[in-house]
Structures are given as C-alpha cells and as structure tokens.
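The structure appears below as structure tokens.
The values are calculated or read from the model by the stated rules, or taken from the named source; none is laboratory data. On a predicted model such as this, the values are computed, not experimentally measured, just so you know. Positions of Cβ are generated from backbone atoms using ideal geometry, with glycine treated the same way; all protein chains shown enter the neighbour counts.
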C-alpha cells in the first residue's frame with residue numbers, strides 16, 4: 001500500500017513516461033487487433049505484416065500525439081476533454097495509416113496491412129489509453145482521499161457554474177469537500193443524476209435530504225448567491241449546523257482545482273439582504289480625473305476607501321492627511337504597491353492645527369476636498385466632550401474655511417445618521433458641522449465670494465469599519481463569548497464600505513452646493529439576530545449572548561430622515577436631499593466660535609448646554625447630560 005501511495009502521490013509524471021506508456025499501448029493494441037482479426041497460428045505467416053502495421057501506426061500516432069499533446073496532461077486530473085483529445089489524435093492517426101495503405105495498394109501495388117486490423121486497433125487503443133488514465137485517476141483519488149477529513153458537501157446550483165465547482169472540488173488536493181449531491185430550484189431537475197450523484201430540490205424536504213446524507217457543507221454557486229439574501233435558506237442551513245461556502249465568480253480563466261482554494265466560508269456581510277447599488281462610475285471619474293484631491297482622515301475606514309476609489313480615476317495628485325501615523329504608513333505602502341505612478345503625498349497632520357493645514361492648502365492647492373476626519377465613537381465622546389468639539393467642529397471649520405480661501409472647487413463632508421435629532425455628543429457635534437458647512441455654502445452663494453460648492457453626505461453604519469459591531473462580535477466569538485448586545489430590540493442600518501464611498505463620490509459629483517445628501521440604507525438589521533447568525537456561522541454552540549444595557553447617548557434605532565415628507569429626490573434612487581432647518585452664517589459663526597473657545601475650559605456640562613442651545617433637537621439619552629433637557 002505504501003508503495004502504491006508513493007507512485008500515486010501528488011508528484012506529476014514526466015511527459016516522456018506518459019508517451020512511453022502510449023507507445024507500448026499502441027504496439028500492444030496492434031498485436032491484439034491481429035489476434036482478433038486472425039488466428040494465433042497465422043502470426044507466423046503474417047509476422048512481417050504485423051511488424052509493418054506496428055511501424056506505420058506507431059509513426060502516425062506519434063505525429064498526432066504530438067499535435068494534440070495527449071501526453072502533456074496530468075493523468076490524475078484527466079477529464080472528458082482529455083478523452084476527446086485522445087479520440088481526435090487516434091482518428092487522425094488511423095485515417096493517415098489508411099491513406100498510406102491506399103496509396104501503397106493502388107499506387108505501388110504493395111499490400112502492407114489489412115484495413116480491418118487498422119480499424120480494430122483504433123478501437124483497442126482508445127479503450128486501453130482511456131482505461132489507463134481513468135485507472136490512475138481512480139487510484140490516486142482512492143489513495144489520497146483519507147489523508148484529510150473531507151466534508152460531505154452539496155453544491156447549490158446545477159448550471160455550468162455549479163458543475164465547474166463540483167469538478168474543482170473533486171480534483172482539488174487536499175480534498176476538503178466530498179461531493180454528495182446537487183441542490184436545484186428547477187422542479188424539472190427532480191430525480192436527476194449529475195456526475196454520479198443525485199440532484200435534490202430546494203423544497204421542504206431539503207433538510208431531510210441533508211440529514212440523510214450527513215451533509216456538513218453547502219457550496220453556493222455565484223448564480224445562486226443572491227438567494228441567500230432574499231430567502232430563509234441560509235437560516236435553515238445554519239440551524240442544521242451546516243457550513244455555507246461561496247464560490248468565486250467563474251471566468252474564462254477558471255482553473256478548476258486551483259480556484260477551489262478560493263472557495264470561502266460565507267460571512268455575515270454576504271447574508272445582509274441589501275439590493276446592489278449601481279453607480280455611474282464613468283460620470284464620477286470625469287469629475288476627478290486629472291484633479292488635485294485632498295482627503296482628511298485618509299487612514300480611516302471611509303477615508304482609505306475613498307482614496308482607493310479616487311486613485312482608480314487617475315487624479316493628478318492625491319493629498320492624504322491623517323494624524324494617525326501607523327495607519328497612514330500602511331496606506332503609503334498600499335499606494336506604492338498598487339498605484340506607484342500616482343503622486344500621493346501622505347501627510348501626518350492634525351486638522352485642528354490651522355497653521356499646519358494652511359501650509360498644506362497653500363502648497364498643494366487642492367481642487368476637491370473629501371473631509372472624512374472625525375471622532376465617531378458615541379460612548380467615548382460622551383466622556384470627552386471638549387475633544388469632540390475641537391476635533392469634529394473646529395477641525396471641520398478649519399478645513400472648510402481654507403477651502404473657501406484657496407478656491408477649492410468642491411468640499412464633500414462625511415456626516416452620520418446620528419446627526420439626525422441627536423441623542424449624544426458625537427451626533428450633535430456632527431450636526432453642528434453640518435450647520436456650519438451649509439450656512440457657509442449659503443453665504444458664498446449669495447455674495448459669490450468663492451467658487452466652492454459645499455456638499456454633506458449622511459449615512460449609517462458601515463460593515464467592517466474600525467470599531468463597528470461586526471468585527472467586535474467576531475473577536476468575542478473567537479474568544480468563546482459572551483457576545484455583548486446592548487439591548488434585545490436595538491436595530492441599525494448597515495452598508496458596505498465600498499458602496500458607501502461610491503455614494504459619497506456620486507453625491508459629490510451631483511451636488512450644487514449647500515445640500516445634505518442622505519442615502520437609502522435599505523432595511524434595518526436587528527442586532528440580536530445579527531449576533532445569533534454570526535454565532536451560527538462560526539459553527540460554535542457554546543457561545544452565549546449577553547445584554548449589557550444601552551450605552552451613554554445610544555438610541556434603540558437611528559434616524560435617516562429617509563421619508564418622502566422630509567426629503568427631495570435626486571437623479572439617483574438611493575440618494576435623497578434632506579429638508580433641514582437652515583441657519584444664518586453670521587449668527588452660526590459667532591455661536592460656533594464661542595462654543596470652540598469654551599471647549600478649552602473643559603467644562604463638559606457647560607459645553608453640552610451650549611450645544612443644546614445651538615441644536616435644540618439635541619436630547620440626551622441614557623446620559624448624565626439628560627438633566628439639561630428638563
């Protein structure tokens with residue numbers, strides 16, 4: 001057994017050994033054809049004819065084996081396509097041998113070999129060459145299958161992509177998945193057999209079929225991936241402790257076994273039922289190509305993704321500003337790796353340092369500014385009110401004022417849904433930023449003092465961003481729990497980082513100045529259900545959910561003002577303009593400057609009182625500042 005394992009190991013046989021086997025097969029097949037055509041006794045009389053036939057057929061075979069490269073394939077990965085190549089090579093060879101015999105008979109009156117021997121040898125050669133390859137493939141699979149523990153697996157999808165996945169997992173080594181069947185949605189596939197296994201319908205009996213076959217994994221083809229979001233199939237599978245895997249898109253260069261390594265376990269982001277957002281990226285690119293673009297907070301989740309998307313539009317220059325040195329260094333390395341030709345200075349700077357920021361604006365003269373720098377964690381800002389004012393409000397004022405002074409064409413600010421009827425310091429600080437930017441936009445439009453168009457974008461939570469709930473839950477599950485949820489009824493809106501940034505760029509390109517754009521975030525997600533689904537996805541059964549109570553300033557739900565009564569539509573069905581109260585710039589400027597000056601006294605209660613005067617709808621929740629609302 002060990003000897004066989006050594007022979008049929010993962011090493012690939014040299015082509016000359018395979019060719020030698022095919023040569024021996026050719027000679028043996030001609031001999032068998034002679035035995036079938038004549039009796040054994042005739043061999044003594046027809047020995048010369050046998051040797052002649054072997055020589056002619058062998059030469060023809062070598063020519064066509066070379067043409068079709070029948071000996072260049074990896075035998076353990078032999079497929080139907082390889083059998084077609086062998087068949088074509090042998091057909092060409094036998095036809096050539098017959099033509100040689102015809103020419104010799106009728107041109108030179110020489111009888112070299114019998115037509116029947118030629119035809120019979122073709123059949124025998126095809127049978128033997130096919131059997132050798134299939135035998136090696138079967139032995140290899142049998143001797144290597146027990147090296148790893150493979151999951152009994154169904155493939156969801158019976159079209160070409162599903163079949164390709166099944167082929168890939170069968171030929172992959174080590175073999176992680178053992179194909180036990182297919183799942184189909186088409187009733188016409190009921191009772192069918194594909195690749196030697198049964199096809200089962202996605203119906204009420206599917207879970208019963210999964211239990212019967214002891215199925216531990218389901219691989220979902222790209223054609224079926226969307227059904228995971230819009231049906232309860234994923235929930236039903238997870239309740240049965242069946243792992244769900246997603247296949248990559250199958251393209252023209254799909255390499256079977258190699259691409260099987262790209263099959264990945266489904267993530268919670270894959271299961272959130274969101275319709276895909278379509279963006280006119282060509283239109284956005286026309287605005288940014290050849291421009292000087294400055295991004296604040298460039299090392300953060302949103303800022304770094306804006307950087308990646310803008311870099312793809314071939315800007316003249318990207319100016320990346322952040323006060324976090326190490327993450328900004330990582331961004332620099334990424335730029336050198338992916339966009340080495342792009343001029344992209346990475347600048348460590350604090351946006352509240354007006355002199356430093358003016359030096360940057362004066363030196364680089366940006367035409368577009370994406371302002372993503374901000375403190376965003378709600379509980380942290382409840383305890384650090386002065387820092388929320390200085391970083392969020394003062395930082396925004398500094399960058400906005402410099403944009404006007406240096407003639408920036410467009411200024412796009414990233415805001416948050418927590419600015420709507422704010423219930424915490426962070427949300428209110430962002431609402432004050434919105435007020436200042438919108439009032440400044442209204443002023444310069446009225447007096448035509450600057451060409452800058454100020455645009456604000458407002459959206460909810462982004463999946464996978466720094467400090468968001470999903471990475472936290474993953475860490476807690478890896479540690480064995482508990483997974484901490486603040487309240488059983490808390491809900492949140494979610495959007496992926498790339499699509500949020502695409503909408504930011506789209507809104508930035510359509511804005512005329514002074515608008516606050518809000519994004520359609522889809523349906524809200526109940527955080528408790530999110531936590532439970534993530535636990536089931538992990539395959540763990542020992543992780544519990546623990547309720548910790550609402551944090552300071554935290555709402556049960558976020559508001560986006562995404563109603564027809566409070567918004568105006570735009571040309572994009574996922575982007576709306578918020579109808580909000582507008583402020584006079586002179587009054588706002590004085591109030592905000594006094595607020596900023598007060599922040600250096602570090603009197604949190606007095607600061608929050610000033611914030612409530614400026615934003616009357618700010619009502620503190622679950623916070624010591626609630627006393628100011630009475």
Condition check for residue 442: in contact (Cβ under 8 Å) with a residue 12 or more places away in the chain, assigned by TED's automatic domain parsing to the domain that holds residue 517 and under 24 Å from residue 605 (Cα atoms): no
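For residues that are exposed (fewer than 14 other Cβ atoms within 10 Å of the Cβ) and without any contact (Cβ under 8 Å) to a residue 40 or more places away in the chain, tally how many sit in the stretch 204-218.
Adding up the residues that qualify gives 5.
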Only one of (1) out of contact with any helix residue (DSSP H, G or I) (no Cβ under 8 Å at 6 or more places or on another chain); (2) closer than 27 Å to residue 308 by Cβ; (3) at pLDDT 85 or above does not apply to residue 532, and that is (2)
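Based on this model, can you work out whether residue 198 counts as at pLDDT 85 or above, more than 30 Å from the chain's Cα centre (by Cα) and under 19 Å from residue 151 (Cβ atoms)?
Working: at pLDDT 85 or above: yes; more than 30 Å from the chain's Cα centre (by Cα): yes; under 19 Å from residue 151 (Cβ atoms): yes.
Here the answer is yes, as residue 198 does meet what is asked.
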Hey, among the residues in the stretch 385-430 that are farther than 28 Å from residue 366 by Cβ and modelled with pLDDT of 95 or more, which one's surrounded by the fewest Cβ atoms within 10 Å (Cβ to Cβ)? 386
Looking at the stretch 595-616, which of its residues are outside any helix (DSSP H, G or I) and surrounded by 13 or more Cβ atoms within 10 Å (Cβ to Cβ)? 603, 615
The stretch 287-320, subset in contact with a strand residue (DSSP E or B) (Cβ under 8 Å, 6 or more places away or on another chain) and in a loop (DSSP other than H, G, I, E, B), residue nearest to residue 461 (Cα to Cα): 300
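This table checks each residue for (1) under 28 Å from residue 451 (Cβ atoms); (2) assigned to a helix (DSSP H, G or I); (3) not assigned by TED's automatic domain parsing to the domain that holds residue 441.
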residue: 352; (1), (2), (3): yes, no, no
residue: 382; (1), (2), (3): no, yes, no
residue: 401; (1), (2), (3): yes, yes, no
residue: 404; (1), (2), (3): yes, yes, no
Could you tell me whether the stretch 191-202 includes any residue that is crowded, with 20+ Cβ neighbours inside 10 Å and part of a helix (DSSP H, G or I)? no
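Which helices (runs of 4 or more DSSP H) sit wholly inside the stretch 73-186 and have at least 3 residues that are in contact with a helix residue (DSSP H, G or I) (Cβ under 9 Å, 6 or more places away or on another chain), within 21 Å of residue 25 (Cβ to Cβ) and at pLDDT 85 or above?
Values: elements: 80-108, 115-144, 160-171.
Answer list for the stretch 73-186: 80-108, 115-144.
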